[in-house]
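These notes are about the structure you will find just below.
The values are calculated or read from the model by the stated rules, or taken from the named source; none is laboratory data. Computed from a prediction, not measured in an experiment: that's the story for all the values here. Cβ: placed from backbone, ideal geometry, glycine included. Neighbour counts: every protein chain shown.
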């Protein structure tokens, strides 16, 4: 294949301004002796301890994705990416024969689905592979690129139609990562003939992911490197850009535990709370027959991951074939496949989770409580995603910054929530309107019994 340079119309007029990431600093304002976290009307998930001040009798609990039955002709290639583009699901993965990373016989394949469960392989006719053009191949006959081609749908508000999709691909032997763009997600061109991220210090021989970050206001790339404070381990570094062409000096994130190899990162903004990045890295254990499993990590930007949960998110399972090397790679992106359901993909198998259901604030049969740090919000109603048993309940008290109940929003005035709902409005005896407190410094006191809460947000009527 001959790659044609593209005259790109979106080159920034200023060199990259390094995005240091939130680290909560730009979400806070001073209030007396401490900082107040400004959550606005954002949805917050119980995936880290950013908002937690006191926890008594409750725990943050990692949920377990449920595997679904493998559908006929399900795609199973390595380093997959799944993109929800309106009503259409697009999947990209690697195929072909390879004796080494970047082998010219490797190919990139394209799949489509209308429900995220059943996939078709369009006969695109773009490349002759094995003597036929009757295939779904979108990249072929080129070294380095098809090995780890990983696209994204560009959410930059000024993205041009001809650059609606972008991608990075390449390995260190080929010079680094090259940038691509596409108008339709099928026909791709290089943005320039030289790598946009190049260094002999990096491996790149994994799925290197990128996206536009609305919260950090820049493009972000997470890619594979080797050196960590714990020694020579497969790990993750990141770099940022304003124009997708000029990238900052890479910074190590070092999320590894001692002796732990992280082969991929799968880092991407969560579709219902894009200020939170979900990461589904493959943990690689070379001393256990090169077996793998999948972890769950999060980030709020910057060169830092949160490791609240250290156990496996997805285990290899009963199939002996899943205990070998390269058996457990999660596709980039968790995508919505229903109002109450979201899906993630590991090779040929689809896993489902409750919407927002990566983790929860969890109570057993005995009641427990959580008090948040001081924060401010914008909105008129408090909405939660929760589940209780028939005997369980959730109650919420709104306090002032000093921990005193706000009149009208005290615990004994809260109407207990019993049931199961993705979107439930919290009410008190006087009603559900919390707008008198909007913009003020408050805390939430949660009392749970035999229940899970997955997320909450203050609804902004102007945004709904």
Residues located in the stretch 41-61, provided they are surrounded by 18 or more Cβ atoms within 10 Å (Cβ to Cβ) and in a strand (DSSP E or B): 44, 45
State whether the residues of the stretch 378-397 include one that is over 19 Å from residue 46 (Cα atoms), surrounded by fewer than 20 Cβ atoms within 10 Å (Cβ to Cβ) and outside the structural domain of residue 45 (by TED's automatic domain parsing). no
Checked the stretch 282-312 for anything closer than 14 Å to residue 262 by Cα and assigned to a loop (DSSP other than H, G, I, E, B); matches are 290, 295, 296, 305, 307, 310, 311, 312
Among (1) in a loop (DSSP other than H, G, I, E, B); (2) closer than 14 Å to residue 384 by Cα, where does residue 454 come up short? (1)
Residues satisfying the stated conditions in the stretch 401-415, i.e. over 10 Å from residue 428 (Cβ atoms) and either touching a residue at least 60 places away in the same chain (Cβ under 8 Å) or exposed (fewer than 15 other Cβ atoms within 10 Å of the Cβ) (or both): 401, 402, 403, 404, 407
Positions within the stretch 354-368 being crowded, with 18+ Cβ neighbours inside 10 Å and either part of a strand (DSSP E or B) or at negative phi (or both), in sequence order: 354, 355, 357, 358, 359, 360, 361, 362, 363, 368
The stretch 423-443, residues that are crowded, with 20+ Cβ neighbours inside 10 Å and either free of Cβ contacts under 8 Å to residues at least 12 places away in the same chain or in a strand (DSSP E or B) (or both): 428, 442, 443
Out of everything in the stretch 216-233 that is modelled with pLDDT of 95 or more and either crowded, with 20+ Cβ neighbours inside 10 Å or not assigned by TED's automatic domain parsing to the domain that holds residue 157 (or both), what residue ends up being nearest to residue 297 (Cα to Cα)? 222
I'd like to verify a number: residues in the stretch 198-216 that are under 18 Å from residue 304 (Cβ atoms) and either part of a loop (DSSP other than H, G, I, E, B) or over 15 Å from the mean Cα position of the chain (by Cα) (or both), how many? 2
Return the residues of the stretch 254-266 that are closer than 19 Å to residue 176 by Cβ and modelled with pLDDT of 95 or more; say none if nothing qualifies. 265
Name the residue, out of 142, 71, 66, 81, that is more than 30 Å from residue 217 (Cα to Cα) and in contact with a strand residue (DSSP E or B) (Cβ under 6 Å, 6 or more places away or on another chain). 66
A careful count of residues in the stretch 276-292 that are surrounded by fewer than 20 Cβ atoms within 10 Å (Cβ to Cβ) and in contact with a helix residue (DSSP H, G or I) (Cβ under 9 Å, 6 or more places away or on another chain) gives 3
Quick count over the stretch 246-267, residues being under 26 Å from residue 290 (Cα atoms) and surrounded by 17 or more Cβ atoms within 10 Å (Cβ to Cβ), is 12
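A quick yes/no check of all residues on (1) in the same structural domain as residue 207 (by TED's automatic domain parsing); (2) part of a strand (DSSP E or B); (3) touching a residue at least 12 places away in the same chain (Cβ under 8 Å):
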position	(1), (2), (3)
101	yes, no, yes
107	yes, yes, yes
111	yes, yes, yes
116	yes, no, yes
134	yes, no, no
138	yes, yes, yes
145	yes, no, yes
148	yes, no, yes
152	yes, yes, yes
Would you pick out the residues in the stretch 257-279 that are in a loop (DSSP other than H, G, I, E, B) and under 21 Å from residue 240 (Cα atoms)? 263, 264, 265, 266, 267, 271
Based on this model, can you work out whether residue 89 counts as in contact (Cβ under 8 Å) with a residue 24 or more places away in the chain, surrounded by 16 or more Cβ atoms within 10 Å (Cβ to Cβ), under 20 Å from the mean Cα position of the chain (by Cα) and not assigned by TED's automatic domain parsing to the domain that holds residue 297? no
Residue check: is residue 333 buried (at least 19 other Cβ atoms within 10 Å of the Cβ), in the same structural domain as residue 211 (by TED's automatic domain parsing), at pLDDT 95 or above and over 16 Å from the mean Cα position of the chain (by Cα)? no
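Inspect the stretch 158-177 for any residue being surrounded by fewer than 18 Cβ atoms within 10 Å (Cβ to Cβ) and under 22 Å from residue 224 (Cα atoms) and give the result as yes or no.
yes
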Against the condition modelled with pLDDT of 95 or more, surrounded by fewer than 18 Cβ atoms within 10 Å (Cβ to Cβ), within 23 Å of residue 352 (Cβ to Cβ) and out of contact with any helix residue (DSSP H, G or I) (no Cβ under 7 Å at 6 or more places or on another chain), how does residue 115 come out, does it pass? yes
